[in-house]
Amino acid sequence: MNALTNGFTIITPDGKKYHSLVDFGLAIGNTNPIGKPVQEKFTVDVPGGPVLDLSEVLTGEPVFKTRPIHIELGGIRERFLWDSVMSAFRNKFEGKICKIIFDNDYEWYWEGRVELADFEREVSLGKFSLDIPEADAYKYAITPYERSYDTETAVVEFPVYDRAVVPTFICTDACQISDGTTTYDLSIGENRIPNLKTNTDKVWTLSGNDSTTVICREMSL
């Protein structure tokens, strides 16, 4: 898709969706809006010895915290309309945590707090940037994996992703999930257990289950 006519969908916290081209006539003008992820690093300088990199000690893998997103937008309006256009844009998005879905990567969304900057106009051409200085480092699958278990005892199947994720358990009654060594209690409603992730060789079994739905949302750099 031609980057000059490429657009994106932006979703506000209340679930309202807008498309940059369809709703605002604004096209993306830069070909690299997604910046490099920022890795969390922790090093110790040992006197008389090497610098120890302990960044992966707790997790066993690299941890990425944020990444910048910088979208340059441009469009054609009557010169006198641009002030109202910018006011409308700011009212809808400025300072809000929004989801961004790019047309050329429509199965994933990015998320972060929006800032608008660098507005300028020349005759009828207006340009400005939509920035998320500290977006989540990962993009997330729009459609999650979802599976329900309605028997008292059930073996839970998790999807295998490139990066392990923490699943969500939505239970209609209190129950337990165990790998035979470690057991976690699940309460009524939504549960997330940070130590329990997908991409595991362990077999997890629900017990005392009435109805539990397991939801996993894939994440990617």
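The values are calculated or read from the model by the stated rules, or taken from the named source; none is laboratory data. None of these values were measured; they are calculated from a predicted model. Cβ: placed from backbone, ideal geometry, glycine included. Neighbour counts: every protein chain shown. Remember, those area values only see protein heavy atoms, side chains included, never the ligands or the DNA or RNA. Shrake-Rupley method; radii C 1.70, N 1.55, O 1.52, S 1.80 Å.
Some notes on this structure:
- Yes/no for residue 36 being at pLDDT below 85, of a type in the set (Lys, Arg), at negative phi and assigned to a loop (DSSP other than H, G, I, E, B): no
- Residue count for segment 101-137, restricted to those that are surrounded by fewer than 19 Cβ atoms within 10 Å (Cβ to Cβ) and part of a loop (DSSP other than H, G, I, E, B): 4
- Options 173, 131, 179: the member that is closer than 30 Å to residue 10 by Cβ, charged (D, E, K, R) and touching a residue at least 12 places away in the same chain (Cβ under 8 Å): 131
- Test result for residue 198, modelled with pLDDT of 90 or more and surrounded by 12 or more Cβ atoms within 10 Å (Cβ to Cβ): no
- For segment 183-193, the set of residues classified as open to solvent by less than 100 Å² (accessible area, probe 1.4 Å) and in contact (Cβ under 8 Å) with a residue 12 or more places away in the chain consists of 184, 186, 187, 189, 191, 193, listed by residue number.
- Residue within segment 59-75 that is over 27 Å from residue 14 (Cβ atoms) and either among the basic types (Lys, Arg) or open to solvent by 80 Å² or more (accessible area, probe 1.4 Å) (or both) present: no
- Residue selected from segment 171-182 under the condition farther than 15 Å from residue 148 by Cβ and part of a loop (DSSP other than H, G, I, E, B), by the criterion most open to solvent (accessible area, probe 1.4 Å): 181
- Within segment 80-112, the only residue that satisfies the criterion of being over 22 Å from residue 66 (Cβ atoms), among the basic types (Lys, Arg) and touching a residue at least 40 places away in the same chain (Cβ under 8 Å) is 92.
- Scanning segment 189-214 for residues that are touching an Asp or Glu at 6+ places or on another chain (Cβ under 6 Å) and closer than 19 Å to residue 148 by Cβ turns up 204, 209, 210, 211.
- Any hit, segment 157-170, residues being open to solvent by 30 Å² or more (accessible area, probe 1.4 Å), without any contact (Cβ under 8 Å) to a residue 12 or more places away in the chain and in a strand (DSSP E or B): no
- Tally, over segment 141-156, of residues that are more than 19 Å from residue 194 (Cβ to Cβ), in a strand (DSSP E or B) and free of Cβ contacts under 8 Å to residues at least 60 places away in the same chain: 3
- Lone unmet requirement of (1) modelled with pLDDT under 90; (2) under 21 Å from residue 221 (Cα atoms); (3) not charged (D, E, K, R) for residue 7: (1)
- Hey, residue 209 touching a strand residue (DSSP E or B) at 6+ places or on another chain (Cβ under 8 Å), part of a strand (DSSP E or B) and surrounded by 15 or more Cβ atoms within 10 Å (Cβ to Cβ) or not: no
- Identity of the residue in segment 68-100, of a type in the set (Lys, Arg) and not in a strand (DSSP E or B), that ends up nearest to residue 135 (Cα to Cα): 96
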